[in-house]
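Let me begin by presenting the structure, written as structure tokens, before commenting on it.
The values are calculated or read from the model by the stated rules, or taken from the named source; none is laboratory data. Keep in mind the model is a prediction, meaning the values are calculated, not measured. Ideal geometry is used to build each Cβ from the backbone, glycine not excepted, and the neighbour counts take in all protein chains shown. To get the accessible areas, we keep the full protein, side chains included, count just its heavy atoms, and leave off ligands, DNA and RNA. Shrake-Rupley method; radii C 1.70, N 1.55, O 1.52, S 1.80 Å.
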Amino acid sequence: MRIDFLGLQAFVSVAERGSFLRAAAHLNLSQTALSHRMKKFEEDLGVALFVRTTRQVSLTPAGLELLPKACALLDELSDTLEGVRGQGAKKVERVTIGCLPTIAAYQLPRVLRDFSAAYPNVSVKIYDNSAREIAQLVQSGTAEFGLTIVSPNVADVEVKVLAKEPFVLLCAKDDPLAKRRFINWSQLGNAPLIRISPQAGNRVLIDDALGHRREKLNWRYEVQHLQTAVGMVLSHVGIAIVPKIAGSLPGVAGLAAVPLRNPSIHRSLGVITRRDRPLSRTAQALLHMVRQHFVSLLR
């Protein structure tokens, strides 16, 4: 089957904007032309991708399945064409990396500021994704290296530990628990705990370390992202078990990070690279700055 890139582009544009009218304007097409393009694309696939009503456009199950893959395909094609277009002209070099969202949002910018000063003609593309997605990006060669939770079960990559970081109890400074030098898990009692989604690497580490004891705790809330848990603690909704690095997030001055014991749980942050692909000169320079930053951060 030939690949209908125009149809794929039309599908992504409509899905992202939720409107044929707005998608047509974005693609510089008439609404009629866009509708014909989408109809042909759906006929070629043999499946409907949208449910259309007079008020809105929503994705069918097939459309929901196709969307992330279509976005990734168009993104990769765009990068390839950009590289080809730059040949024969002064091309800005690019480094592509994967990075855990919290590190990407609150630690990496400090490194990038220094990197940009040293390498003003190098752009950096960052995939701020989950640990599993970062591993896939490095394995496929999309990212030169990844900053992620170290896992022994990632094939075809080389892993180097960057820092070992403890998990701590994050609570409001006026919480009685904040006054303790450390806390045993057994002392948490019925305190309302906020946990992270099972899809997150941090959750897996905590569950594995606690074993059956985790079922005795009062996990009252579950969120998808660490930043959400921190925000809930700030609002006195509950307390959370987070990596120590969360204590350096903006706006946490009113919170206390208390060490946990019995068991103490740590995560290893590391750098993963493909075994068969050496880093580019600029990627090596960026990674060197990242290492220096984490040495000082977790000292």
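Quick one, which of (i) 5, 22, 24, 23, 18, 7, 1; (ii) 6, 24, 35, 25, 9, 1; (iii) 6, 27, 34, 20, 7, 3, 1, 0, 0 is the actual P(r) over Cα pairs in 10 Å bins from 0, in percent calculated for this model? So the calculated entry is the one marked (i).
About its Cα centre, the chain has a charge dipole of approximately 800 debye under the convention of +1 per Lys or Arg Cβ and -1 per Asp or Glu Cβ, with nothing else charged.
In percent, how large is the relative contact order of the stretch 155-296, given Cα pairs closer than 8 Å and 6 or more residues apart? Provide the component values of the computation, followed by the final result.
Details: 219 pairs, mean separation 64.1, N = 142.
Rounded, it is 45 percent for the stretch 155-296.
With both labels modelled 7 Å from their Cα along Cα-to-Cβ, the GLU16 to ALA253 distance reads 3.8 nm.
In this Cβ point-charge picture (+1 for Lys and Arg, -1 for Asp and Glu), the stretch 1-66 has a dipole of about 260 debye about its Cα centre. The residue list PHE167, SER197, ALA131 was ranked by how far each Cα lies along the charge dipole of the stretch 129-220 toward its positive end, using unit charges on Cβ atoms, and PHE167 comes out on top. Against the empirical curve 2.2 N^0.38 Å, the C-alpha radius of gyration of the stretch 1-146 lands at a ratio of 1.28. Figure legend: label point modelled 7 angstrom from the Cα of LEU81 along Cα→Cβ; no residues of the stretch 33-61 have amide N under 14 Å from it. Along the axis of the charge dipole computed for the chain (Cβ charges of +1 for Lys and Arg, -1 for Asp and Glu, origin at the Cα centre), the listed residues GLN224, LEU112, CYS99 are led at the positive end by LEU112. The relative contact order of the chain, computed from alpha carbon pairs under 8 Å that lie at least 6 residues apart in sequence, is 20 percent.
In this simple spin-label model, placing a label point 7 Å from the Cα along the Cα-to-Cβ direction at both LYS179 and ARG52 gives a separation of 6.7 nm. On the chain, 52 percent of the accessible area sits on carbon and sulfur atoms, based on a 1.4 Å probe.
Can you tell me how the stretch 105-171 classifies by the Cα gyration tensor, rounded, prolate or oblate, using a/c under 1.5 as the rounded cut? Judged from the Cα gyration tensor, the stretch 105-171 comes out oblate (a/c at least 1.5, b/c at or above a/b).
Here is how the number arises for the chain: DSSP H runs of 4 or more residues each give -39500 (n - 2.57), the sum is divided by the residue count, and the result at 222 nm is -13000 deg cm²/dmol. Between the helical axis of 281-297 and the longest alpha-carbon principal axis of the chain there is an angle of about 30 degrees. Relative to the Cα centre, the charge distribution of the stretch 1-112, modelled as +1 at Lys and Arg Cβ and -1 at Asp and Glu Cβ, gives a dipole magnitude of about 340 debye. The modelled label-to-label distance for the pair LEU6/SER264, using points 7 Å beyond Cα in the direction of Cβ, is 6.4 nm.
Taking the Kirkwood radius as Rh and the Cα radius of gyration as Rg, the stretch 1-80 has a ratio of Rg/Rh equal to 0.94.
Angle of helix 201-210 to the longest C-alpha principal axis of the chain, folded into 0 to 90 degrees and rounded to 10: 30°. Restricting attention to the chain, close to 60% of DSSP beta bridges with both partner residues there are antiparallel.
With a threshold of 20 Å on the Cα-Cα distance, the over-threshold entries among LYS173/LYS244; LYS164/LYS244; LYS164/LYS216 are LYS164/LYS216.
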